[in-house]
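What follows is one structure encoded as structure tokens, with my remarks underneath.
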Amino acid sequence: GTSWVLDRTTQWTPSSWKTDGSQVTESSNTVTMNIQTRSTNHAVTSDIGKALSDDTWVMRSKVIFATLTNGGGSTVYLELGVGSKNADTAFANGGLTLDFIGLQMRTVNQDHGWGLVAYDSSGSLNNPESPEMDTDQTTGTYYVEIKRTSNTAMSIGLYSDSGYSTLVMPVETKAVGTGVTGLRYLRVGNAGMVSESSTGNVIAGTVSDIKIQDGVTEWVE
């Protein structure tokens, strides 16, 4: 199972996973995604073992986008972050049933973007994300740092190096509702609406080197 240490100098890393669907899978703590639909749930989660602080935490991961295809009119989504429910609970466009803080990517013919999302269980999907990232997503490698910086704020930094020292674009910030609580499941998955069908959009790649530190606003080596 997972282990959890509360001091500032160690971090949690995933060890046990739950999977729903076939387009997002995990092996040896590397998540592989080949997201092509929002008509069914596809996600993996790892239980941190306790809810993260409602005030401050930091999550880091290496994200490789191998394929980004804008193929049609039915949007597909990537959701990367920490949520209040495991993989069995889907993101539903008609009304979310989980809390979540993280990075959202959306790809669709001639209209795509990525940015910050902070969902509570009474909300719906942001489309477009709010705020959107300053630079369009492209294939390649990113080092993603997601932070809850206070009870009412979050940020995301995208870096080009594993030392998290060279930003791809300025750090983006977002207000977070105080109702976003109970975040204990690392999550990589899609978002859905059962009435939609696949029309050729693809988000494919890997998420690895995932680490979380609780109770801090800056990563502690």
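Find out how many positive minus negative residues lie around SER165, taking Lys and Arg as positive, Asp and Glu as negative, among other residues whose Cβ is under 14 Å from that of SER165. Present the calculation step by step, with values, prior to reporting the outcome.
Values: positive: ARG60; negative: GLU145, ASP161, GLU218, GLU221.
For residues surrounding SER165, the net value is -3.
Taking a ≥ b ≥ c as the square roots of the eigenvalues of the Cα gyration tensor, an a/c ratio of 1.5 or more together with a/b no larger than b/c marks the range 73-221 as oblate.
First check a/c for the range 75-159, with a ≥ b ≥ c the square roots of the eigenvalues of its C-alpha gyration tensor; if it is under 1.5, answer rounded, and if not, answer prolate when a/b is larger than b/c or oblate otherwise.
On the way: a/c = 1.72, a/b = 1.19, b/c = 1.44.
It is oblate, given that a/c is not under 1.5 and a/b is not larger than b/c.
Distance from a point 7 Å along Cα→Cβ of SER208 to each backbone N in the range 13-36: keep the residues under 14 Å and list them by number. Within reach of a label on SER208, which here means backbone N under 14 Å from a point 7 Å along Cα→Cβ, the range 13-36 contributes 26-33. Modelled spin labels at LYS62 and GLU218, positioned 7 Å past Cα toward Cβ, are 2.5 nm from each other. Using a cutoff of 8 angstrom between alpha carbon atoms and counting only pairs six or more residues apart, the relative contact order for the range 130-221 works out to 21 percent.
Taking the 1.4 Å solvent-accessible surface of the range 13-131 as the whole, the part contributed by carbon and sulfur is 39%.
Over the chain, accessible surface divided per residue gives 39 Å², non-protein components excluded, 1.4 Å probe.
When the expected Rg is taken as 2.2 N^0.38 Å, what fraction or multiple of it is the alpha-carbon Rg of the range 111-150? Walk me through the numbers on the way to the answer.
Values: Rg = 12.0 Å, N = 40, 2.2 N^0.38 = 8.9 Å.
The value comes to 1.35.
Across the chain, the mean sequence separation of Cα contacts (distance under 8 Å, 6 or more residues apart), normalised by length, yields a relative contact order of 35 percent.
How do ASP134, ASP47 stack up against each other in accessible area, from largest to smallest, with a 1.4 angstrom probe?
Largest accessible area first, the list is ASP134, ASP47.
When the surface is traced with a 1.4 Å probe over the full set of protein chains, ARG38 keeps roughly 30 Å² accessible.
The values are calculated or read from the model by the stated rules, or taken from the named source; none is laboratory data. Please read these numbers as outputs of a predicted model, since none were measured by experiment. Because the Cβ atoms are built from the backbone with ideal geometry, glycine has one as well, and the counts that use them run over all protein chains shown. Each accessible area value is taken on the protein alone, full model and side chains, heavy atoms only, with ligands, DNA and RNA left out. Shrake-Rupley method; radii C 1.70, N 1.55, O 1.52, S 1.80 Å.
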